[in-house]
1. For a quick check of your reading of the model, give me the residue pairs whose first member lies in the stretch 193-214 and is assigned by TED's automatic domain parsing to the domain that holds Leu141 and under 17 Å from Gln234 (Cβ atoms), whose second is part of a helix (DSSP H, G or I) and more than 16 Å from the ligand (Cβ to nearest atom), with beta-carbon atoms closer than 6 Å and at least 6 apart or on different chains.
2. Tell me the residue from Gly30, Gly59, Gly22, Gly15 that is out of contact with any helix residue (DSSP H, G or I) (no Cβ under 8 Å at 6 or more places or on another chain), on the phi > 0 side of the Ramachandran plot and within 11 Å of the ligand (Cβ to nearest atom), please.
3. For Gln95, are the conditions met, namely being without any contact (Cβ under 8 Å) to a residue 60 or more places away in the chain, within 19 Å of Val232 (Cβ to Cβ) and away from the ligand (no atom under 16 Å from the Cβ)?
4. Can you name the residue in the stretch 276-307 that is assigned to a loop (DSSP other than H, G, I, E, B) and surrounded by 15 or more Cβ atoms within 10 Å (Cβ to Cβ) and, of all such residues, is nearest to the chain's Cα centre (by Cα)?
5. Taking the options Val331, Val350, Val315, name whichever one is surrounded by fewer than 14 Cβ atoms within 10 Å (Cβ to Cβ) and over 22 Å from Val250 (Cα atoms).
6. Right, Gly152: in contact (Cβ under 8 Å) with a residue 40 or more places away in the chain and surrounded by fewer than 16 Cβ atoms within 10 Å (Cβ to Cβ) or not?
7. Residue by residue through the stretch 220-248, note down the ones that are among the hydrophobic types (A, V, I, L, M, F, W, C) and within 15 Å of the chain's Cα centre (by Cα).
8. Any chance the stretch 60-73 includes a residue that's of a type outside the set (Val, Ile, Thr), closer than 19 Å to Val232 by Cα and surrounded by fewer than 20 Cβ atoms within 10 Å (Cβ to Cβ)?
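The values are calculated or read from the model by the stated rules, or taken from the named source; none is laboratory data. Here the structure is a predicted model, which is why all the values come from computation and not from measurement. Because the Cβ atoms are built from the backbone with ideal geometry, glycine has one as well, and the counts that use them run over all protein chains shown.
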Amino acid sequence: MANITFQGLGKVYPGGVRAVEGVDLEVEDGEFVVLVGPSGCGKSTTLRMVAGLEEITDGTLRIGDRVVNEVAGKDRDIAMVFQNYALYPHLSVRQNMAFPLERRRAHGGTVRRLIVPGYRRAAREEDQEIQAEVSRAAEVLGITDLLDRKPGALSGGQRQRVAVGRALVRRPAAFLFDEPLSNLDAKLRVEMRAELKALHDRLGATMLYVTHDQEEAMTLGDRLVVMDGGRVQQCAPPREVYEQPANRFVAGFVGTPSMNFLEGEVADGTMSIGEARLPLGDAAAGVPRAVVLGLRPDRLRLAEPEDPCALEATVAGVEDLGDRCDVRLQVGHAELVARRPAGELSRWTVARAAARVAFEPAEALLFEPGPHGARIH
Ligand code: ADP
């Protein structure tokens with residue numbers, strides 16, 4: 001296993017599209033790092049540069065101690081698992097899993113056949129080694145009883161396991177995953193997510209994983225690398241990304257429903273949003289005049305008379321989600337969502353058109369203006 005080091009990594013596609021810019025990242029040996037961001041943010045390009053599928057335009061990439069910018073993908077000692085599994089339909093699961101090892105052997109084989117006496121015996125031993133490797137991987141993934149089936153006779157989840165198995169047999173220095181679960185239905189995705197996490201814990205392997213699904217990223221990663229516009233917006237453990245987002249983009253990307261944002265102005269520790277005056281106390285001490293207030297939907301509630309931080313809102317709709325409800329609110333021009341326990345459903349329905357909503361000043365985050373405005377500490 002090995003660490004992967006990015007230094008100022010960048011990619012400009014022919015034609016001038018700058019897909020990735022200035023990525024600095026150290027994936028530690030044995031770490032599970034998830035690249036996450038919206039479509040087009042450059043996460044696949046970044047992964048493909050590690051896999052050797054895209055040329056690196058700027059910066060340096062190291063796997064272990066070796067600079068691999070100019071090393072062909074097949075010689076980088078990494079294994080990639082794709083979204084579409086890329087299994088050979090005419091080969092059995094066993095043959096599919098053995099394939100990377102057979103290919104490796106074929107490369108060295110011709111030479112050996114000419115120069116090594118006792119080649120046949122060596123080949124037989126190699127055969128046995130490959131089969132042992134396949135059996136080991138199949139056992140780890142719980143697919144031993146599927147080894148003689150063809151991919152066509154497998155469910156999506158089983159195919160995904162085989163694809164992982166094929167990566168596993170190579171015992172690579174690092175595993176790369178490109179949206180490996182996005183073709184599965186929601187329930188299976190959650191199951192496979194848990195399996196991958198368990199597999200990582202068991203193997204202690206270095207894993208670099210790409211997804212656009214922030215929930216998948218939060219549950220899988222030791223660390224998340226949140227990207228937008230080809231740049232890293234934040235790199236931190238999931239909890240830190242959630243609680244201390246580096247900027248407004250990260251704050252809005254992580255969490256469901258998304259964080260609410262309200263634009264306003266601060267003076268002497270009080271934020272003005274339209275007619276409302278919100279005494280934010282210490283949180284707003286010495287901050288610039290124009291700010292953006294960020295509030296998680298589950299932190300927004302119906303106001304009590306004594307609440308200092310309250311806003312007049314219009315209830316635009318209430319969605320009953322069974323164990324909870326999402327309340328859509330309009331505050332001035334801003335649309336907010338409050339996520340509340342189902343027990344409050346009737347209180348919000350009674351509130352109908354008008355409601356006073358409140359939050360704890362300590363739970364509000366402040367950002368500089370603009371879609372990527374930095375969080376103000
Ligand atoms: P993501 O994986 O986050 O969806 P990509 O890495 O695939 O994003 O793409 C990043 C940017 O690079 C996008 O603007 C995309 O249109 C562009 N891009 C991707 N592949 C190519 C290519 N082969 N040629 C030109 N532009 C590309």
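1. So the pair list comes out empty.
2. Values: Gly30 fails: within 11 Å of the ligand (Cβ to nearest atom); Gly59 fails: within 11 Å of the ligand (Cβ to nearest atom); Gly22 fails: within 11 Å of the ligand (Cβ to nearest atom).
Criteria check complete, one pass: Gly15.
3. Values: without any contact (Cβ under 8 Å) to a residue 60 or more places away in the chain: yes; within 19 Å of Val232 (Cβ to Cβ): no; away from the ligand (no atom under 16 Å from the Cβ): yes.
So Gln95 does not fit the description; no.
4. Step by step, filter the stretch 276-307, then rank; the result is Arg296.
5. Working: Val331 fails: surrounded by fewer than 14 Cβ atoms within 10 Å (Cβ to Cβ); Val315 fails: surrounded by fewer than 14 Cβ atoms within 10 Å (Cβ to Cβ).
Of Val331, Val350, Val315, the one residue that is surrounded by fewer than 14 Cβ atoms within 10 Å (Cβ to Cβ) and over 22 Å from Val250 (Cα atoms) is Val350.
6. Working: in contact (Cβ under 8 Å) with a residue 40 or more places away in the chain: yes; surrounded by fewer than 16 Cβ atoms within 10 Å (Cβ to Cβ): yes.
For Gly152, the condition - in contact (Cβ under 8 Å) with a residue 40 or more places away in the chain and surrounded by fewer than 16 Cβ atoms within 10 Å (Cβ to Cβ) - is met.
7. Here is the first cut: in the stretch 220-248, the ones among the hydrophobic types (A, V, I, L, M, F, W, C) are 220, 224-227, 232, 235-236, 241, 246.
Selection gives Leu220, Leu224, Val225, Val226, Met227, Val232, Cys235, Ala236, Val241.
8. Going residue by residue through the stretch 60-73, those that are of a type outside the set (Val, Ile, Thr) are 61-62, 64-66, 69-70, 72-73.
Next cut, closer than 19 Å to Val232 by Cα only: 61-62.
Checking the rest, the ones that are also surrounded by fewer than 20 Cβ atoms within 10 Å (Cβ to Cβ) come to 62.
So far as the stretch 60-73 goes, yes, one or more of its residues are of a type outside the set (Val, Ile, Thr), closer than 19 Å to Val232 by Cα and surrounded by fewer than 20 Cβ atoms within 10 Å (Cβ to Cβ).
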